[in-house]
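This report concerns only the one structure given below.
The values are calculated or read from the model by the stated rules, or taken from the named source; none is laboratory data. What you are looking at is a predicted structure, and each value in this text was computed from that prediction instead of being measured. Here Cβ is always computed from backbone atoms with ideal geometry, including for glycine, and neighbour counts include all displayed protein chains. SASA here: full protein model, heavy atoms, side chains in, ligands and nucleic acids out. Shrake-Rupley method; radii C 1.70, N 1.55, O 1.52, S 1.80 Å.
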Amino acid sequence: MPAYKSIVILTGAGISAESGVDTFRDKDGIWSKVDYRDVATPEGFVRDAARVHDFYNQRRRGMKGVRPNAAHTALARLEREFSGAFLLVTQNIDDLHERAGSASLVHMHGELGKALCQACEQSSPWEKDMSVLSQCPACGSIGYLRPDVVWFGEMPYQMERIGTALAQCDLFVSIGTSGNVYPAAGFVGEARFSGARTVELNLEPSDGHSSFDEAILGKATEIVPAFVE
Ligand code: BV8
């Protein structure tokens with residue numbers, strides 16, 4: 001890989017697909033089975049919190065027995081071996097990047113393994129099923145917990161840190177995302193504005209493919225390790 005000074009990587013559901021985690025917009029994807037307005041919006045949570053808890057409980061249970069794949073591992077190796085600035089921004093709420101060893105990591109859409117208390121605003125680790133009767137581990141309140149994930153209409157996490165990294169990067173790589181959801185889908189434009197080389201690694205061209213200097217198509221477990229070499 002040429003001598004870059006600063007790399008930003010964006011990942012989406014496609015990087016976890018070969019680990020057995022469902023994507024959203026592929027055939028049989030999550031949004032083909034449930035309406036995002038019912039389970040991934042604040043309005044949906046107010047309307048029927050039990051339904052939203054069930055949706056995330058099922059996905060949290062589904063993470064048992066799921067392992068990082070060669071693409072997650074290759075990104076962790078790149079972070080270790082690269083001497084410049086490195087930031088991995090993921091839209092995913094699974095913990096496969098951490099389990100593969102990534103450390104300079106931002107979960108811009110939150111984390112399935114965390115609970116957010118609407119009473120004390122603390123985020124706590126959460127591995128079991130959650131319900132409207134769950135108690136906040138930080139303040140003890142009952143009935144105020146929600147999954148610590150970013151729903152549609154909510155501000156993603158650490159946007160300032162991400163914006164600073166995009167303004168300084170000379171390589172931006174987008175992996176396994178359909179480029180549907182903003183503000184993540186706009187990151188390639190910010191990187192281009194900074195003069196970065198922009199590369200898309202995906203199974204098929206994303207909605208934003210024309211914004212990238214280069215596209216490498218294929219399965220993440222094959223094209224990501226090859227790209228990192
Ligand atoms: C916000 C919750 C404002 C967590 C999710 C117009 C312009 C700008 C914005 C908007 C707009 N219209 C509406 C909006 C707002 C909206 C939005 O972008 N809507 C879209 C649909 C148009 N965005 C928001 O609401 C965001 N917030 O804008 O806030 C604001 C400002 C100030 C103050 C307050 C608020 C919040 C967005 C976050 C929503 N939360 N999920 C969860 O349950 O997971 S979104 C959901 O989509 C997931 O988080 C997911 O990460 C994200 C993106 O999906 P992908 O990761 O790309 O997955 P997808 O299935 O789509 O694609 C997979 C890709 O992988 C495919 O391309 C496939 O080919 C590829 N693939 C598959 N297998 C493989 C593979 N590639 C390689 N190898 C393989 N094996």
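For the residues S32, S19, S83, the requirement of being open to solvent by 10 Å² or more (accessible area, probe 1.4 Å) and in contact with a Leu (Cβ under 7 Å, 6 or more places away or on another chain) singles out S19.
If the condition is being more than 9 Å from the ligand (Cβ to nearest atom) and not charged (D, E, K, R), then the range 7-29 contributes I7, V8, I9, L10, S19, G20, V21. Every condition in (1) in the same structural domain as T164 (by TED's automatic domain parsing); (2) under 19 Å from Y182 (Cβ atoms); (3) surrounded by fewer than 14 Cβ atoms within 10 Å (Cβ to Cβ) is met by P42 except one, and the failing one is (1). Pairs are defined by a Cβ separation below 6 Å, a sequence spacing of at least 6 or placement on different chains, a first member in the range 180-205 that is within 18 Å of E160 (Cβ to Cβ), and a second member that is in a loop (DSSP other than H, G, I, E, B) and within 7 Å of the ligand (Cβ to nearest atom); the pairs so defined are A184/Q91. In the range 30-54, the qualifying residues are those that are within 18 Å of E154 (Cα to Cα) and among the aromatic types (F, W, Y), and the one that is farthest from the ligand (Cβ to nearest atom) is F45.
Would you check if E154 is surrounded by fewer than 15 Cβ atoms within 10 Å (Cβ to Cβ), closer than 30 Å to A50 by Cα and within 13 Å of the ligand (Cβ to nearest atom)? Full working, then the answer.
On the way: surrounded by fewer than 15 Cβ atoms within 10 Å (Cβ to Cβ): yes; closer than 30 Å to A50 by Cα: yes; within 13 Å of the ligand (Cβ to nearest atom): yes.
The answer is yes for E154.
Checking each residue in the range 206-223 for being among the hydrophobic types (A, V, I, L, M, F, W, C) and either in contact (Cβ under 8 Å) with a residue 40 or more places away in the chain or within 12 Å of the ligand (Cβ to nearest atom) (or both) picks out A215, I216, L217, A220, I223. The set of residues in the range 44-97 that are touching a helix residue (DSSP H, G or I) at 6+ places or on another chain (Cβ under 9 Å) and among the basic types (K, R) comprises R47, R51, R59, R67, R77. Checking V132, V173 one by one, the residue that is in a loop (DSSP other than H, G, I, E, B) and not charged (D, E, K, R) is V132 and no other. Filtered by the rule that a residue be within 7 Å of the ligand (Cβ to nearest atom), more than 14 Å from L10 (Cα to Cα) and not charged (D, E, K, R), the range 193-205 gives a lone residue, L203. Of the set (1) closer than 22 Å to F55 by Cβ; (2) hydroxyl-bearing (S, T, Y); (3) assigned to a loop (DSSP other than H, G, I, E, B); (4) in contact with a strand residue (DSSP E or B) (Cβ under 8 Å, 6 or more places away or on another chain), all apply to S102 but (1). Which of the residues that make up the range 179-197 are surrounded by 22 or more Cβ atoms within 10 Å (Cβ to Cβ) and on the phi < 0 side of the Ramachandran plot? Once the filter is applied, which keeps residues that are surrounded by 22 or more Cβ atoms within 10 Å (Cβ to Cβ) and on the phi < 0 side of the Ramachandran plot, the range 179-197 yields A184, F187, V188, A191, A196.
Scanning the range 135-150 for residues that are in a strand (DSSP E or B) and touching a Gly at 6+ places or on another chain (Cβ under 8 Å) returns P147, D148, V149.
Look through A167, A226 and report the one residue that is surrounded by fewer than 16 Cβ atoms within 10 Å (Cβ to Cβ), part of a helix (DSSP H, G or I) and within 16 Å of the ligand (Cβ to nearest atom). Let's see the steps before the verdict.
Details: A167 fails: within 16 Å of the ligand (Cβ to nearest atom).
Exactly one residue qualifies, and that residue is A226.
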